[in-house]
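S.K.: Can you read through this structure? Questions will come right after.
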Amino acid sequence: MTKQYTEAELADIAKPFEAHAIDALRRGDIGRVGTLLEAMRQGSAGLDALSGHTLARKAGKLRRDFGEQRAREVLARIGAQLMRTWVEQYERGDERGAIADLIAIFREQGGAKLAPLQESNETVVLELAPCGSGGRLERQGLPEKHPDWYGGWSDGVSSFCQICKACQGALNEAVGFDAWTTQKGPQGACRLSFAKNASRNQALFDEAERTTIVQTRLEQARTNLASGDIDVESLLAGQRKDWKPWHDFGVVCLEYFYAVAIEMGGPDYLDEVLSQTYEPAFNAGFPRYAAMSDDELVREIARTWNYHCADFTIEEEEDRFVFRLDPCGSGGRLFRGEMWRDMFHYGEPLSPIMPDPHNINFNRTCAPTYCTHCAASNRAQLSGGSSETHPLFFVIDGHAQMKPGEACRQFSYKKRAAREKVDPALLRQIGLSNPKLGAG
């Protein structure tokens, strides 16, 4: 197999949509800018959907395995740790900043529609019609179609929304008043109410802010361009990481689910949790990736890493593309303690390093817990043997990032690559030995 790209071409593929859009804007090619804005609007869609499904299924898994009462107790622990930085913010008296950052989470969810804020002397109200996380899953009918995973709770609240309720309860208990409450409506709608305490009778947001705070920078750029205002470069720069509030909140929440799985059943139970809650959502993408050409694949994975808040380069080998992630936008940034709001560090509650080797942690000692989901996705791909229905589109070298400052590596194999020539070390990392049969 021959190489298909020059180094310059690969560097161009790695460039985020926003950089291409800014180049087009500077050339005066507004039509091209519009096309790229649409691509940017969809940039995080796949990752967003994967996160929503896996989080909901993890909450459902707890209820299935341990009963509703125990599941609620665990969710309360997760909620308390997720809301820790907000509690600190409220205790400092920064209600405006705390509310603004909670709004940012919902603003960046795919498919969400946020109305301008309503503010009184006592409350700030955000209307979601619909919510882009739990509300979106409800609009898809999943709690009714698959109640064991997405619904079936005694209070009628769906699995994903139980996580949100747990966060609200944890925050309110810690600050001593109902700082954040929700009222669910039809078709995935939800009303979020933020009560004022230290700021009662003060205006937290002016009239303009009540509109702009619910808009993404991309939405603002699209509105400006539609009105003939082409001075939007500052709104486009860095757009791929604009959704970091929701991205990082979801990533940290997933890590906490992995931590409680280890507490409740050890690495074997975490392995089971991932196989039942993450792998089904991951495997759903197999037909799409199997149908891609090599060119489509390398561009799609580059888009994914850009919107996974990663920094990376691409190299081409004869049989595969190599993405060097410095850092990966989830496991790598968790390992380095670089998450939004400084909300995660290994060694804190629900943030363990796994001391002993296991197939689910790439058979490493002192392995970061979050990275187990990459071992699960490797298993899903490599255990497919020679089957073309299990494309090797996203294979991680689980031993590349052994320390926080090191880069990770991910491989996307070309369509004509011989599966039997996959590096045996990648198979051994997850307890497999035969690439044709996926045997352990």
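The values are calculated or read from the model by the stated rules, or taken from the named source; none is laboratory data. The structure presented is a predicted model; accordingly, all values stated were derived computationally and were not measured. Neighbour counts run over all protein chains shown; Cβ positions are idealised from the backbone, glycine included.
S.K.: Considering only the stretch 206-238, state which residues are out of contact with any strand residue (DSSP E or B) (no Cβ under 6 Å at 6 or more places or on another chain), in contact (Cβ under 8 Å) with a residue 40 or more places away in the chain and either within 27 Å of residue 56 (Cα to Cα) or in a loop (DSSP other than H, G, I, E, B) (or both).
M.R.: Answer for the stretch 206-238, where residues must be out of contact with any strand residue (DSSP E or B) (no Cβ under 6 Å at 6 or more places or on another chain), in contact (Cβ under 8 Å) with a residue 40 or more places away in the chain and either within 27 Å of residue 56 (Cα to Cα) or in a loop (DSSP other than H, G, I, E, B) (or both): 213, 215, 216, 230, 232, 237, 238.
S.K.: Continuing with the same structure: Could you tell me whether any residue of the stretch 339-354 is within 17 Å of the chain's Cα centre (by Cα), surrounded by fewer than 24 Cβ atoms within 10 Å (Cβ to Cβ) and on the phi > 0 side of the Ramachandran plot?
M.R.: yes
S.K.: Show the residue pairs meeting these rules: Cβ distance below 6 Å; 6+ apart or different chains; first residue within the stretch 246-265 and closer than 26 Å to residue 111 by Cβ; second residue buried (at least 24 other Cβ atoms within 10 Å of the Cβ) and of a type in the set (Gly, Ala, Ser).
M.R.: Matching pairs, first to second residue: 251/330.
S.K.: Looking only at the stretch 387-396, decide whether some residue is modelled with pLDDT under 95 and of a type in the set (Ser, Thr, Tyr).
M.R.: Scanning the stretch 387-396, I find at least one residue that is modelled with pLDDT under 95 and of a type in the set (Ser, Thr, Tyr), so the answer is yes.
S.K.: What number of residues within the stretch 213-229 satisfy the criterion of being among the small types (Gly, Ala, Ser) and either in contact with a Ser or Thr (Cβ under 7 Å, 6 or more places away or on another chain) or surrounded by 15 or more Cβ atoms within 10 Å (Cβ to Cβ) (or both)? Even if it seems obvious, please write down each step before you answer.
M.R.: Here is the first cut: in the stretch 213-229, the residues among the small types (Gly, Ala, Ser) are 221, 226-228.
Still in the list and also either in contact with a Ser or Thr (Cβ under 7 Å, 6 or more places away or on another chain) or surrounded by 15 or more Cβ atoms within 10 Å (Cβ to Cβ) (or both): 221.
Adding up the residues that qualify gives 1.
S.K.: Within the stretch 357-374, can one find any residue that is small (Gly, Ala, Ser) and assigned to a helix (DSSP H, G or I)?
M.R.: No, because not a single residue in the stretch 357-374 is small (Gly, Ala, Ser) and assigned to a helix (DSSP H, G or I).
S.K.: Could you say which residue among 256, 289 is part of a helix (DSSP H, G or I), closer than 19 Å to residue 379 by Cα and aromatic (Phe, Trp, Tyr)?
M.R.: 289 is the lone residue from the list that is part of a helix (DSSP H, G or I), closer than 19 Å to residue 379 by Cα and aromatic (Phe, Trp, Tyr).
S.K.: Can you give me the ranges of the helices (runs of 4 or more DSSP H) entirely in the stretch 22-109 with at least 1 residues that are at positive phi and at pLDDT below 95?
M.R.: In the stretch 22-109, there are no helices (runs of 4 or more DSSP H) which contain 1 or more residues that are at positive phi and at pLDDT below 95.
S.K.: What's the total number of residues in the stretch 129-163 that are polar (S, T, N, Q), within 16 Å of residue 52 (Cα to Cα) and surrounded by fewer than 19 Cβ atoms within 10 Å (Cβ to Cβ)?
M.R.: Count: 1.
S.K.: Return the residues of the stretch 45-82 that are of a type in the set (Ser, Thr, Tyr) and closer than 17 Å to residue 146 by Cβ; say none if nothing qualifies.
M.R.: Selection gives 54 alone.
S.K.: Has the stretch 26-41 got at least one residue that is closer than 30 Å to residue 322 by Cβ and among the small types (Gly, Ala, Ser)?
M.R.: The answer is yes, given that some residue of the stretch 26-41 is closer than 30 Å to residue 322 by Cβ and among the small types (Gly, Ala, Ser).
Per-residue answers, yes or no, for (1) hydrophobic (A, V, I, L, M, F, W, C); (2) within 22 Å of residue 96 (Cβ to Cβ):
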{"residue": "162", "(1), (2)": "no, no"}
{"residue": "172", "(1), (2)": "no, yes"}
{"residue": "176", "(1), (2)": "no, yes"}
{"residue": "181", "(1), (2)": "no, yes"}
{"residue": "184", "(1), (2)": "no, no"}
{"residue": "194", "(1), (2)": "yes, yes"}
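S.K.: Among 103, 22, 78, 99, which is of a type in the set (A, V, I, L, M, F, W, C), over 20 Å from the mean Cα position of the chain (by Cα), more than 17 Å from residue 236 (Cα to Cα) and surrounded by 13 or more Cβ atoms within 10 Å (Cβ to Cβ)?
M.R.: When all the criteria are applied, what remains is 99.
S.K.: Out of all the residues in the stretch 231-254, is one or more more than 28 Å from residue 31 (Cβ to Cβ) and of a type in the set (Ser, Thr, Tyr)?
M.R.: Within the stretch 231-254, not a single residue is more than 28 Å from residue 31 (Cβ to Cβ) and of a type in the set (Ser, Thr, Tyr).
S.K.: Hey, among 189, 166, which residue is of a type outside the set (Ser, Thr, Tyr) and either surrounded by fewer than 23 Cβ atoms within 10 Å (Cβ to Cβ) or out of contact with any Gly (no Cβ under 9 Å at 6 or more places or on another chain) (or both)?
M.R.: On the way: 166 fails: either surrounded by fewer than 23 Cβ atoms within 10 Å (Cβ to Cβ) or out of contact with any Gly (no Cβ under 9 Å at 6 or more places or on another chain) (or both).
One residue alone meets the criteria, 189.
S.K.: Filtering the stretch 400-436 down to residues that are of a type in the set (Asp, Glu) and surrounded by 13 or more Cβ atoms within 10 Å (Cβ to Cβ), which residue is modelled with the highest pLDDT?
M.R.: Here the residue is 406.
S.K.: Here's another thing I want to ask about it. Looking only at the stretch 139-198, count every residue that is assigned to a helix (DSSP H, G or I) and either farther than 19 Å from residue 77 by Cα or hydroxyl-bearing (Ser, Thr, Tyr) (or both) and tell me the total.
M.R.: Result for the stretch 139-198: 13.
S.K.: Do you know which residues across the stretch 292-313 are over 20 Å from the mean Cα position of the chain (by Cα), in a helix (DSSP H, G or I) and of a type in the set (Val, Ile, Thr)?
M.R.: 298
S.K.: Please name all residue pairs, on different chains or six or more residues apart, with Cβ atoms under 9 Å, provided the first residue is in the stretch 330-358 and is more than 15 Å from residue 372 (Cα to Cα) and the second residue is in a strand (DSSP E or B).
M.R.: If the second residue must be in a strand (DSSP E or B), the pairs left are 347/353.
S.K.: Also: Could you list all residues from the stretch 220-257 that are under 10 Å from the mean Cα position of the chain (by Cα) and among the acidic types (Asp, Glu)?
M.R.: 248
S.K.: Do we have residue 71 as more than 27 Å from residue 241 (Cβ to Cβ), among the small types (Gly, Ala, Ser) and buried (at least 16 other Cβ atoms within 10 Å of the Cβ) here?
M.R.: So residue 71 passes the test.
S.K.: For the stretch 393-411, enumerate the residues that are under 18 Å from residue 376 (Cβ atoms) and in contact (Cβ under 8 Å) with a residue 40 or more places away in the chain.
M.R.: 393, 394, 401, 408, 409, 410, 411 - these are the residues of the stretch 393-411 that are under 18 Å from residue 376 (Cβ atoms) and in contact (Cβ under 8 Å) with a residue 40 or more places away in the chain.
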